[in-house]
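This report refers to the structure that appears directly beneath it.
The values are calculated or read from the model by the stated rules, or taken from the named source; none is laboratory data. Because the structure is predicted, anything quoted here is derived from the model rather than measured. Cβ coordinates were reconstructed from backbone atoms using ideal geometry, including for glycine residues, and neighbour counts include every protein chain displayed. We work out accessible area using only protein heavy atoms, side chains counted, and drop any ligands, DNA or RNA first. Shrake-Rupley method; radii C 1.70, N 1.55, O 1.52, S 1.80 Å.
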Amino acid sequence: MIVSNNFLPRFLRKQTQLLFENGSILRMANVTGPSTFSPRSTVDMKSANGSLTFTRGKRSRGGGELQQKQKMVNMLSLISPRRKQPQRIKMAYEDLLRHRTVHRAWQLVVRTKRVERRLELQKQYYKMKHACDELRKASQFLYESAMERPSSIRFPMEYRIPTLSPPRRIWDATWRSPVEEKQRRRTA
Amino acid sequence: MQDRDIPDQKSRADAYLASVEIEKLRINAEISNPEVIHQFNSGNFDMKFPVYRFLAQQRWEKNDRLLLMDRLENMKVIPDTMPTLYPRVDTKLRFPGRSTHWIDPGRIMSTGVTAQAPEFSIQIFEDAAKLYTIVIVDPDTPDIESDTYKTTLHYILADVRISGNEPLVDKATARELIPYLPPHPEKNSGYHRYAVWVFEQPDGERLAVQQRKGKDPVNVESLLERDRFDIRLFRSAHGLKAVGAHFWRNGYDSMTEGVREKFGLGPGNVYTHKRFQHYEDYRE
């Protein structure tokens, strides 16, 4: 992932290295200007959009840009298969033969169970399907009422789960629900 | 039970499918046995058992077959000689000399080494013994009159008897239609590919031209012409089936003149070593 300098304001543009997808070391990163390192408050310069937000949180030495990049790197490394493959089997020749026999036997057991389970599920599914088809032929009204599903909505997505300590950003006056936002955009 | 005893095509197909099923069962009966695997790995097994045939084929398919097809396609041996290949046998090739290893396909050899006729090994994965034909051609001989390349014939060995347990080609029992002509590439004509094609003879009979009904009669003399050889016509005229291939490469080197002298092949052309693509433009 190559992160370009161009979206940074000129006074913050400094030498950055390439960012590798395998999550390797984040080389030199942008160092922001002097900031007060008091634990209570940190001026978090969000230079990308130019707005300043005063947030209560841990001190950040590298600044917001570096943290964002590191987060991206972490997320990418979670997705990629690097260093997450199973280990190569290292065994003596005789042990390998024994392993092969045991492995094949176990795979056979697993395969039998899997095939049996699949067949069972298939039978159940087709029984249900044929029953529904027959119901549809018998009565459309009964079929449709049988196909109704209960609403899966329980709580709104935006509701906050209560936590022990308060959030970093306590109140966002500018937040609008997605529905409201859409309506606002449509009328504006 | 011969296939020819069953007159009906459907019954023949059914019999074939049944035999395939039986072979599968025979393989499955033995394949889990570690003793069998050990015998295979240590090399003391008989190809009459379906398990070992299966394991040998599996081993070949995993690596050597892939390598062969990769080389044949990348070096464009496949469209330049025969149109394509569905490999059925494991073909191996080596030249007698000091260090006799089976060469990997497409290897650049010295003309001194290739002056001797090569040794072949054809590993089949079936029980029956069959007859095979080996043909060596060079598709890269310059044809100055037509400003293109032509195919030269270097070797034909027919009626090679091969069985599963005896893969090495025994030239004494075979019939050498065309004696071996050593590679003698001309200077600055680049690397020539020497393709070895292994054909299966129909019905295990001796190699003979099959005159087809309804098609033009084939001129037998013109088929085996060394200078301008048409391998596709050769294959179709004799009713052969391409089951294996291999190739090596030769370029003009320090031993080529010696080979020409020894075998009386004449001096050979020397082509210009082209340095620039459009030399004419540069000159002006």
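What number of residues within the stretch B:20-35 satisfy the criterion of being within 10 Å of another protein chain (Cβ to nearest Cβ) and surrounded by 11 or more Cβ atoms within 10 Å (Cβ to Cβ)?
Residues meeting the conditions: 4.
Assuming B:L55 fulfils every condition listed in (1) in contact with a helix residue (DSSP H, G or I) (Cβ under 7 Å, 6 or more places away or on another chain); (2) among the aliphatic types (A, V, I, L, M); (3) farther than 20 Å from A:A105 by Cα apart from one, which condition is it?
Checking B:L55 against (1) in contact with a helix residue (DSSP H, G or I) (Cβ under 7 Å, 6 or more places away or on another chain); (2) among the aliphatic types (A, V, I, L, M); (3) farther than 20 Å from A:A105 by Cα, the one that fails is (3).
Just for the stretch B:156-166: of the residues that are open to solvent by less than 30 Å² (accessible area, probe 1.4 Å) and in a strand (DSSP E or B), which one is nearest to B:V20 (Cα to Cα)?
For the stretch B:156-166, the residue satisfying everything is B:I162.
Based on what the data block shows, is B:R53 touching a Phe, Trp or Tyr at 6+ places or on another chain (Cβ under 8 Å) and either aromatic (F, W, Y) or away from chain A (no Cβ under 14 Å) (or both)?
Here the answer is yes, as B:R53 does meet what is asked.
Please work out if A:R82 is open to solvent by 100 Å² or more (accessible area, probe 1.4 Å), touching a residue at least 40 places away in the same chain (Cβ under 8 Å) and away from chain B (no Cβ under 13 Å).
yes
Check whether at least one residue in the stretch A:88-107 is modelled with pLDDT of 90 or more, within 14 Å of chain B (Cβ to nearest Cβ), open to solvent by 60 Å² or more (accessible area, probe 1.4 Å) and in a loop (DSSP other than H, G, I, E, B), and report yes or no.
Checked the stretch A:88-107: at least one residue is modelled with pLDDT of 90 or more, within 14 Å of chain B (Cβ to nearest Cβ), open to solvent by 60 Å² or more (accessible area, probe 1.4 Å) and in a loop (DSSP other than H, G, I, E, B).
Being touching a residue at least 12 places away in the same chain (Cβ under 8 Å) and open to solvent by 60 Å² or more (accessible area, probe 1.4 Å) is true for just one of B:F95, B:F54. Which residue is that?
Step by step, each of B:F95, B:F54 is checked, and only B:F54 is touching a residue at least 12 places away in the same chain (Cβ under 8 Å) and open to solvent by 60 Å² or more (accessible area, probe 1.4 Å).
Before we move on, is A:M147 open to solvent by less than 100 Å² (accessible area, probe 1.4 Å) and within 35 Å of the chain's Cα centre (by Cα)?
The answer is yes for A:M147.
B:T111 - would you say it is under 16 Å from B:K171 (Cα atoms), among the polar types (S, T, N, Q) and touching a residue at least 60 places away in the same chain (Cβ under 8 Å)?
Answer is no for this residue.
How many residues are assigned to a helix (DSSP H, G or I), farther than 21 Å from B:M75 by Cβ and basic (K, R) when one looks only at the stretch B:210-265?
Summing the residues that are assigned to a helix (DSSP H, G or I), farther than 21 Å from B:M75 by Cβ and basic (K, R) in the stretch B:210-265 gives 2.
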